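Data first, discussion second: the structure below is written as structure tokens.
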Amino acid sequence: MEITHEIWKRHFPAENSGAHLFPEFEMRAKAVSGEVFRVPAAAEAREALIRLVDAVQARKAVVVESPLQEAAGITAALRSRGVTVYTEAADIAAHADTADIGISGVEFGIAETGSVFQDGYDIATRLVTILPPLHVVFLQSAHIVPGITEAFDIISQSFDRGYVGFITGPSRTADIERVLTIGVHGPSRFAIIAVDEEPKGGDA
Amino acid sequence: METEMRNLRKEISEKLKDETLRDALGRFSEAYPIARAKAYENAGDIETLRDALRQMKIDTVERIEEVADRFEAEATKRGVKVFRAKTGNDVKEYLVNLCKEKGVKRIVKSKSMASEEIDLSKHLETAGISTTETDLGEWIVALAGQKPSHMVMPAIHLSRFQVAEYFSKELKTVIPPDIAFMVQAARTELREKFLQADMGISGANFGIAENGAIGIVTNEGNARMVTTLPRIHVVIIGYEKLIPTIKDAATILKVLPRSATAQLMTSYMTMIAGPTPAMVKRDGKWVEEEKEMHIILLDNGRLKAAHDDKFKEIFQCVRCASCLNVCPVYTLIGGHVYGGHTYAGGIGAILTAFLSGMGEFEQFQELCIGCRRCTTVCPGKIDIPGLIEELRIRNVKEKGLPFLLKQTFENVVSNRKLFHGLLRLAAIGQKPFQSGRLIRHLPLFLAGMAKDRSLPAIADTPLRNRIGKITKKIDKPDKRIVFFSGCTIDFVFPETGESVFKVLQDLNMEVLFPEGQSCCGKPVIALGDVETTKKLAKENIRALEEQNPDVIIVACPTCTESLQQYAELLKDDPEWGPKAETMAKKVREFCSFVAEEYGKRGRLTKTGGGPKVTYHDSCHMKRVLMIDKEPRQLLEAAGCELIEMKDADKCCGMSGIFGVKYAELSMPILEQKINNIRDTGAEIAACACSGCMVQIQGGLDKQLPGVRMKHVADILAEKIKE
Ligand code: SF4
Ligand code: SF4
């Protein structure tokens with residue numbers, strides 16, 4: 001069985017996508033309390049992450065690797081910072097609930113809504129994205145499509161089975177007196193680190 | 001029926017006294033339309049999106065069995081156990097057995113209206129299985145021992161102080177009424193439940209036949225937990241949520257978050273096709289195992305609706321609740337009055353009728369005043385008031401009308417001479433009781449519906465007795481016009497009838513008033529009595545057509561609509577059907593006709609120098625006849641300074657039986673209207689509907705005596721020199 005994560009790129013439109021859509025994507029993502037850090041290359045991506053880690057004084061991280069993260073040496077950087085990092089599914093299951101930060105890669109972004117699309121077939125990915133209070137994702141900044149319709153052109157050709165979805169800002173509720181409150185069950189902070197440079201080998 | 005009515009009225013007045021509720025709903029109904037419009041700003045043409053959703057759903061329901069079979073086959077192929085449940089009991093049985101078999105003790109639930117509809121949680125609790133709602137609003141409502149009062153915001157009727165009380169009780173510690181703090185407290189408490197649960201039950205916003213996937217939109221993230229953490233996931237989904245292809249999901253997602261919560265997208269949109277891995281603790285170690293996934297496809301009346309020519313329309317509902325958010329009745333009283341059922345508002349009355357049987361429908365349908373506001377926002381373009389009228393008709397067919405109404409309609413209203421005779425008698429008899437409050441559809445007061453209300457102020461001389469005096473001889477008339485006045489202009493506002501004559505005669509048209517015309521039938525059909533309506537229709541067609549008119553003019557949108565609908569009403573009648581159709585083509589609403597004629601003569605230009613006027617859009621004028629520009633143009637042509645009021649097109653609150661029976665509810669709606677009129681500083685409130693005139697004049701008399709109510713025809717007539 002092929003899961004979406006492995007094949008979506010075959011269906012990613014070369015035209016009608018790209019970094020020129022990033023400003024709109026960024027504006028929309030920020031409008032829903034997403035934090036967006038666009039960086040030129042791996043080194044800056046690493047710095048952006050470290051700043052976040054320092055800001056929340058993270059001690060424990062659960063991480064699912066992605067090519068962008070590997071290129072930036074994220075896991076090693078965290079460890080050298082004294083952060084305990086878990087990357088195996090069993091460890092993530094044991095620690096995601098008490099981790100300060102969850103890190104994962106996403107496939108592409110949607111300019112219309114400021115959403116990111118992620119294949120969560122992998123159980124570790126889902127735990128990392130939903131349980132810790134801060135979720136940081138890595139995104140290739142050219143991987144942006146204009147809207148929901150274009151996103152579904154890709155999804156309809158690459159989602160046969162599994163668990164996929166959009167994440168749009170942090171978890172929120174307005175269930176008490178319609179007052180918007182961030183961070184109910186899921187993360188209260190959602191940060192996107194968008195990297196312009198493609199990781200070596202050209203495949204994110 | 002009496003006792004039930006009395007209870008509902010009592011409930012309504014309780015809700016009207018509930019300051020928290022009034023305040024919350026009031027603020028929300030102000031904020032919602034603005035937020036919604038903003039959310040659609042970057043979505044492209046909103047009508048195109050609504051049409052696409054509607055069409056996709058219509059195509060699906062036409063072949064619902066095929067779509068369901070494919071959905072089941074694809075889900076099964078991917079390892080899901082699919083169970084088709086005919087009734088709520090089937091669901092309960094299946095789940096209790098499953099829990100027994102798998103040793104499930106604790107369940108976490110994310111939002112599922114289908115499960116609320118069948119009262120699932122209570123059943124599971126009774127069976128000894130701990131079941132926790134994890135959507136914050138649902139959890140609050142469950143702790144309060146209540147039912148959700150809104151489809152999207154279940155706890156909108158509660159204040160932070162009330163929530164703090166429920167939390168303090170549940171968590172056995174004092175919780176301050178601080179929203180952020182309470183949300184955190186809920187997070188902590190519910191997190192434990194997620195981690196300990198053996199089963200997650202979720203609903204679904206759509207189910208995709210192409211690959212057996214289900215889709216869920218949420219903001220809190222609880223659905224992601226419910227579908228990820230426990231080792232068993234059960235989905236409960238109604239047939240109406242099925243869609244053929246993955247791409248069809250985009251059609252829903254373009255509109256659902258925007259309409260439901262005025263978001264471009266919810267925080268989480270999740271699609272699950274087949275079981276995925278889960279982490280399970282075995283001998284103290286976490287191991288990866290494939291999850292067990294079940295999908296329960298719930299019928300509970302849905303398939304019957306799917307095969308019903310009219311009611312298959314409910315498959316177009318995506319449960320966004322925008323129809324509630326704009327409904328003048330819902331936004332006053334909230335969802336609980338609709339019987340505390342899962343589905344509230346107009347659509348709720350319809351769903352309840354189909355999902356729980358007619359018995360429940362009778363009461364709530366009265367809470368739809370047919371203002372059609374919901375039809376302008378519903379993303380699935382459902383004709384909610386139309387379906388409610390259809391249900392009323394069926395209800396009457398099945399059970400008959402209440403005795404008194406039946407007597408009145410069959411013996412009085414359908415007998416024109418007797419009916420008009422009684423109206424004249426009323427003109428004499430009313431003197432000692434007369435007051436500013438009137439009843440919109442006259443025939444109702446004869447049915448004893450006006451027990452607690454003043455009689456309508458019937459004019460001393462009805463229009464029909466003034467015809468000789470007001471008819472001018474026109475030598476070479478441009479057109480031969482028959483005027484259909486409707487009961488209200490005839491018996492309550494004959495002066496407006498005179499104005500109509502004057503304006504049309506001034507346009508060099510011959511105007512005739514056939515004596516044989518009667519009630520248009522609207523109040524009768526509105527209560528579901530088709531047979532009497534047909535009788536009235538034939539009587540009117542005969543009377544109007546006898547005169548061989550070029551045009552039939554009506555100065556009330558409701559009557560206009562009724563005359564035009566005779567064709568549909570009589571379509572199976574070989575003799576009268578074609579006649580009705582021929583006649584319908586001649587029927588014209590007064591303002592749109594006059595504006596056209598003024599235009600031809602170069603008279604439709606702004607003149608100025610006249611009084612300050614504000615215009616009220618009657619619901620049926622604007623949303624059935626789609627006429628809103630012409631009356632304004634006419635007012636400006638007559639020299640008026642037009643000042644728009646806020647919510648000019650919001651219902652004035654009196655509609656047929658509703659305004660009379662639920663006066664306490666009709667009055668606050670009217671009050672809003674009067675306040676909006678007051679804020680414009682206008683001297684005259686104009687409208688083009690005799691029904692609205694009755695209501696608004698009643699309100700102005702009491703609350704704003706300095707402002708007069710006038711029909712557009714009256715204002716035009718005043719400008720014409722004798
Ligand atoms: S027609 Fe008016 S009263 Fe009836 S459900 Fe729609 S908005 Fe509410
Ligand atoms: S009837 Fe229309 S507006 Fe109301 S909940 Fe359904 S889709 Fe939304």
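When only C-alpha pairs under 8 Å and at least 6 residues apart count, what is the relative contact order of region B:603-718, in percent? Write down the numbers at each step before the final one.
Working: 198 pairs, mean separation 34.7, N = 116.
Reported as a whole number, the value is 30 percent.
Lysines near B:LYS38 by alpha-carbon distance under 17 Å, same-chain residues fewer than 8 away left out - which ones?
A:LYS30, B:LYS254
Based on DSSP H runs of at least 4 residues, each adding -39500 (n - 2.57), what is the mean residue ellipticity at 222 nm of chain B after dividing by all its residues, to the nearest 500 deg cm²/dmol?
Working: 35 runs with 364 residues, N = 722.
The helix-only estimate for chain B comes to -15000 deg cm²/dmol at 222 nm.
Select from B:ALA114, B:VAL500, B:TRP576 the residue farthest towards the positive end of the dipole of the protein assembly as shown; place +1 on Cβ of Lys and Arg, -1 on Cβ of Asp and Glu, and compute about the Cα centre.
B:VAL500
Could you name the aspartates and glutamates whose alpha carbon sits less than 12 Å from that of A:LYS60, not counting residues in the same chain fewer than 8 places away?
Cα-Cα hits under 12 Å: A:ASP91, A:ASP97, A:ASP100.
Below 8 Å, C-alpha to C-alpha, sequence gap of six or more: please give me the relative contact order for chain B in percent.
Details: 1326 pairs, mean separation 83.9, N = 722.
With pairs under 8 Å counted, the relative contact order is 12 percent.
Based on alpha-carbon centroids, what's the gap between region B:667-722 and region B:299-351 in Å, whole number please?
33
At a Förster distance of 25 Å, what's the computed FRET efficiency of B:LYS469 paired with B:LYS586, Cβ-Cβ distance as r, to 0.05? Working shown, then result.
Numbers: r = 26 Å, r/R0 = 1.05.
FRET efficiency, B:LYS469 to B:LYS586: 0.45.
In the structure displayed, which of B:LYS673/B:LYS710; B:LYS57/B:LYS247; B:LYS102/B:LYS281 lie more than 20 Å apart, Cα to Cα?
Numbers: B:LYS673/B:LYS710 15 Å; B:LYS57/B:LYS247 13 Å; B:LYS102/B:LYS281 15 Å.
None, as every Cα separation is 20 Å or less.
Residues with amide H under 5 Å of A:LYS60's amide H, sequence separation 5 or more or different chain, H placed in the peptide plane at 1.01 Å from N; which?
For A:LYS60, whose amide H was placed from the backbone, the distant partners under 5 Å are A:THR84, A:ASP100, A:ILE101.
Please list, ordered by chain and number, the residues whose modelled amide H lies under 5 Å from the amide H of B:GLU220; skip anything fewer than 5 residues away on the same chain.
A:ARG172
Provide the FRET efficiency to the nearest 0.05 for the A:GLU70-B:GLU165 pair, computing r from the beta carbons and using R0 = 51 Å. Kindly include the intermediate steps, with their values, before the conclusion.
Details: r = 51 Å, r/R0 = 1.01.
In this case the efficiency is close to 0.50.
Please go through region B:157-240 and write out the trypsin sites (Lys or Arg not before Pro) that DSSP classes as loop and that have at most 13 other C-beta atoms within 10 Å.
Numbers: sites: B:ARG160, B:LYS169, B:LYS172, B:ARG187, B:ARG191, B:LYS193, B:ARG224, B:ARG231; in loops: B:LYS172, B:ARG231.
Of the trypsin sites (Lys or Arg not before Pro), the ones in loops of region B:157-240 whose Cβ has at most 13 other Cβ atoms within 10 Å are B:LYS172.
Classify region B:553-682 from the C-alpha gyration tensor, please: rounded if a/c falls under 1.5, else prolate or oblate depending on whether a/b exceeds b/c.
Numbers: a/c = 3.95, a/b = 1.24, b/c = 3.19.
Since a/c reaches 1.5 but b/c is at least a/b, the shape of region B:553-682 is classed as oblate.
Spelling out what I want: for every residue of region B:374-382, take phi, set θ = phi - 60°, compute 6.51 cos²θ - 1.76 cosθ + 1.60 (Karplus), and round to whole Hz; glycine and proline get x.
3J(HN,Hα) across region B:374-382, in whole Hz: 4, 5, 7, 10, 3, x, x, 6, 7.
Given the C-alpha centroids of region B:49-127 and region B:157-225, what is the distance between them in whole angstrom?
Taking the Cα centre of each part, region B:49-127 and region B:157-225 sit 20 Å apart.
Just check region B:40-298 against the gyration tensor rule for me: Cα atoms, a ≥ b ≥ c as the square roots of the eigenvalues, rounded for a/c under 1.5, and otherwise prolate or oblate depending on whether a/b exceeds b/c. List each step's numbers first, then the result.
Values: a/c = 1.75, a/b = 1.17, b/c = 1.49.
It is oblate, given that a/c is not under 1.5 and a/b is not larger than b/c.
Please compute the length gained on full extension between B:LYS399 and B:MET113, using 0.36 nm multiplied by the number of residues separating them and subtracting their Cα-Cα distance.
Values: separation 286, 0.36 × 286 = 102.96 nm, distance 2.99 nm.
100.0 nm is the gain from fully extending B:LYS399 to B:MET113.
Over the Cα atoms of chain B, each weighted equally, I'd like the Debye log10 I(q)/I(0) at q = 0.09, 0.10, 0.11 Å⁻¹, rounded to two decimals.
-0.85, -1.00, -1.16
Search the structure for amide H atoms under 5 Å from the amide H of A:SER141, placed 1.01 Å from N in the peptide plane, and list their residues when 5 or more places away or on another chain.
Those qualifying (amide H under 5 Å, at least 5 residues apart or on another chain) are A:VAL195, A:ASP196.
Less than 21 Å apart at the alpha-carbon level, and either on another chain or at least 8 residues along: which lysines does that give for B:LYS172?
Counting by Cα, and skipping residues close in sequence, B:LYS172 has these lysines nearby: B:LYS193.
Once phi is turned into θ = phi - 60°, what whole-Hz ³J(HN,Hα) does the Karplus curve with 6.51, -1.76 and 1.60 give for every residue of region B:106-123, x standing for Gly and Pro?
My calculation for region B:106-123 gives 10, 10, 10, 10, 9, 4, 8, 6, 4, 6, 5, 4, 9, 6, 5, 4, 4, 4 Hz in order.
Starting from the Cα-Cα distance between B:LYS105 and B:ALA37, subtract it from 0.36 nm times their residue separation and give me the gain in nm to one decimal.
Full-extension gain reported as 19.9 nm.
List the pairs from A:LYS9/B:LYS111; B:LYS473/B:LYS600; B:LYS241/B:LYS291; B:LYS479/B:LYS719 whose alpha-carbon separation is above 28 Å, in the order I gave them.
On the way: A:LYS9/B:LYS111 33 Å; B:LYS473/B:LYS600 23 Å; B:LYS241/B:LYS291 23 Å; B:LYS479/B:LYS719 22 Å.
Pairs exceeding the cut-off: A:LYS9/B:LYS111.
If the limit is 30 Å between Cα atoms, which of B:LYS86/B:LYS535; B:LYS15/B:LYS86; B:LYS585/B:LYS702; B:LYS534/B:LYS622 go over it?
Values: B:LYS86/B:LYS535 42 Å; B:LYS15/B:LYS86 36 Å; B:LYS585/B:LYS702 41 Å; B:LYS534/B:LYS622 26 Å.
With Cα atoms farther than 30 Å apart: B:LYS86/B:LYS535; B:LYS15/B:LYS86; B:LYS585/B:LYS702.
Each residue of region B:207-215 in order: what ³J(HN,Hα) in whole Hz does its phi give by Karplus 6.51 cos²θ - 1.76 cosθ + 1.60, θ = phi - 60°, with x for Gly and Pro?
Once θ is set to phi - 60°, the couplings for region B:207-215 become x, 9, 5, 3, 9, x, 7, 10, x Hz.
Please check: in the Gaussian network model of chain A (C-alpha springs, under 10 Å), which one of A:ARG81, A:ARG161, A:ARG189 has the largest mean-square fluctuation.
A:ARG161
Taking every alpha carbon pair in region B:9-72, what does the distance histogram look like in 10 angstrom bins from 0, in percent?
17, 22, 20, 27, 15, 0
No value in this document is a laboratory result; all are computed from the given coordinates. Quick caveat, the model's predicted, so the values are computed rather than measured. For neighbour counting, all protein chains shown are included, and Cβ atoms are generated from backbone atoms with ideal geometry for every residue, glycine included.
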